[in-house]
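Asker: There's a structure below that I have some questions on.
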Amino acid sequence: MKSLLKALLSVLLSGMSVLTYMFYLAHQNRVLIHTLSIGTRTSKTLTIFFISDIHRRRLPKRLLKRLQKFPIDAVIVGGDVAEKGVPLMRVTQNIQQLASIGPLYYIFGNNDQEVGTEHVLKIIKDAGGVTLVDSTAPIPGHPSWGLCGLEDPSNGTVDIEKAIASSAWCEHIILAAHNPSLFRKIEGRMEPNVMLAGHTHGGQIRFGKWGLQDVGSFQKTANGAKLISNGYGTTMVPLRFGAKPECHVVEIHY
């Protein structure tokens, strides 16, 4: 009987240790830095910060202090800043902090509507940000660059034609979508220099190469680069394994 109790206690402690480690992993503050060059000119640098899938997390001040060391030209929030049960005050505080480090641009995710699309729109507007819905906005200080943001299918029909038309003036394009599955709808019709997405959480909990989604990646392409992020927060359970949280600074030399 004692040996059985010892075995059960050992299993319980091991399970608690694993869960504690997964919780720890889920709350790391990793900032990945990527660089790429567009064309042969390298006299100018456009620096963007990309974060997606914040969900329930709070942005800590130490993360914002680290980002303030970079000359951020655009802060791109790639959707799911909230989900059901997240207080609007927390969303407001996160967005205001992000807006403090550079011009803010927002793309809707599939969970944002759970706290009310109208609330998210107001929070972004009050912070001085721009919400992109199949539309393109200029980036201050970089007149040849435009940021095109796509609607998320969960919020309505994605108007690809409208998005393409809105970016006709751009020499260089950054395309942001919450769900990377939208990339294939735009590739071949638009040639973005940088493509950004989140949504997948990198599988969130994965074992080696096995996961519900592919782990996030930054890949150089013939025209620039494609970034699919593991995302910053979690959904369903506040745990991660094999897919660490991340946000990104991308330095584009052109």
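Asker: Can you say whether residue 72 is surrounded by 14 or more Cβ atoms within 10 Å (Cβ to Cβ), closer than 26 Å to residue 154 by Cβ and touching a strand residue (DSSP E or B) at 6+ places or on another chain (Cβ under 8 Å), as far as the supplied structure shows?
Answerer: Numbers: surrounded by 14 or more Cβ atoms within 10 Å (Cβ to Cβ): yes; closer than 26 Å to residue 154 by Cβ: no; touching a strand residue (DSSP E or B) at 6+ places or on another chain (Cβ under 8 Å): yes.
The answer is no for residue 72.
Asker: Can you name every one of the strands (runs of 3 or more DSSP E) wholly within region 179-229 that holds 1 or more residues which are among the charged types (D, E, K, R)?
Answerer: On the way: elements: 194-197, 217-220, 225-228.
Filter on region 179-229 gives 217-220, 225-228.
Asker: Would you call residue 124 within 15 Å of the chain's Cα centre (by Cα) and of a type in the set (A, V, I, L, M)? Before the answer, list the steps.
Answerer: Values: within 15 Å of the chain's Cα centre (by Cα): no; of a type in the set (A, V, I, L, M): yes.
No.
Asker: Taking residue 10 as meeting all but one of (1) modelled with pLDDT under 95; (2) part of a loop (DSSP other than H, G, I, E, B); (3) of a type outside the set (Phe, Trp, Tyr), write down the number of the exception.
Answerer: In the conditions (1) modelled with pLDDT under 95; (2) part of a loop (DSSP other than H, G, I, E, B); (3) of a type outside the set (Phe, Trp, Tyr), residue 10 misses (2) alone.
Asker: Next question. Considering 64, 88, which residue is more than 23 Å from residue 182 (Cβ to Cβ), in contact with a His (Cβ under 8 Å, 6 or more places away or on another chain) and free of Cβ contacts under 8 Å to residues at least 60 places away in the same chain?
Answerer: 88
Asker: Only one of 46, 36, 19 is out of contact with any Asp or Glu (no Cβ under 7 Å at 6 or more places or on another chain), in a strand (DSSP E or B), more than 16 Å from residue 247 (Cα to Cα) and not small (Gly, Ala, Ser); which?
Answerer: Numbers: 46 fails: out of contact with any Asp or Glu (no Cβ under 7 Å at 6 or more places or on another chain); 19 fails: in a strand (DSSP E or B).
36 is the lone residue from the list that is out of contact with any Asp or Glu (no Cβ under 7 Å at 6 or more places or on another chain), in a strand (DSSP E or B), more than 16 Å from residue 247 (Cα to Cα) and not small (Gly, Ala, Ser).
Asker: Looking at region 233-254, which of the residues that are crowded, with 24+ Cβ neighbours inside 10 Å and small (Gly, Ala, Ser) is nearest to residue 109 (Cα to Cα)?
Answerer: The qualifying residue nearest to residue 109 (Cα to Cα) is 233.
Asker: What's the number of the condition residue 66 fails, among (1) closer than 23 Å to residue 152 by Cβ; (2) modelled with pLDDT under 95?
Answerer: (1)
Asker: Can I ask one more? Provide a single number: the residues in region 26-46 that are surrounded by 18 or more Cβ atoms within 10 Å (Cβ to Cβ) and at pLDDT 95 or above. Show your work before the answer.
Answerer: Restricting attention to region 26-46, the residues satisfying the condition of being surrounded by 18 or more Cβ atoms within 10 Å (Cβ to Cβ) are 26, 38, 46.
Still in the running and at pLDDT 95 or above: 26, 46.
The qualifying residues number 2.
The values are calculated or read from the model by the stated rules, or taken from the named source; none is laboratory data. Computed from a predicted model, the values in this text were never measured in an experiment. Quick reminder, even Gly has a Cβ in these numbers, built from the backbone with ideal geometry, and neighbours come from all protein chains shown.
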